[in-house]
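Note sheet for the following structure.
Please treat every number below as a calculation from the coordinates, not as lab data. Not measured: the values here are computed from a predicted model. Reconstructed Cβ throughout: ideal geometry from the backbone, glycine too, with neighbour counts over all protein chains shown.
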């Protein structure tokens, strides 16, 4: 069946050619809110006030980030020291259980060093460290130790570490030799 004829002239009209390429969308005009005289000028770029506001916001964000990271470093250092002390106390207890001989974890507060069986290390200089230990394990006013026995028990004690207002303590139970960590109350400002 042939295509229907166009009502006028008897022939079908050709479709319009397709446009190719990018055709930009019209920009809205600023109308009465535009530049002087109410012209329809297009807004281009940023004003000096807008640029200055961005610079101020970036400066404020940088200052806040620097403050947070500085405090974060001290917190990470404190937490790492607490983790080290707790794990070395556990190591000393385990060594006493495995060897069947008493083992000591000693802290020299003057030199800020610790020794646990065949391990040793030091604590950061900016941390405040206090140790509560039994008199029999005090080898001087600043040289203290916690002893673990072959049955897992210990002489007991407490090691407190503080950085600024924040502090943690590592407790060693005398009867069981269990080691636990607890956060100390923050000091007032």
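Brief remarks on what is shown
- Taking other C-beta atoms within 10 angstrom as a stand-in for reagent exposure, 62, 94 fall in the order 62, 94, fewest first.
- For 149, 105, the sequence from fewest to most other C-beta atoms within 10 Å is 149, 105.
- Of the two radii for the stretch 49-184, the radius of gyration is 1.22 times the Kirkwood radius, both from the alpha carbons; that is the Rg over Rh value.
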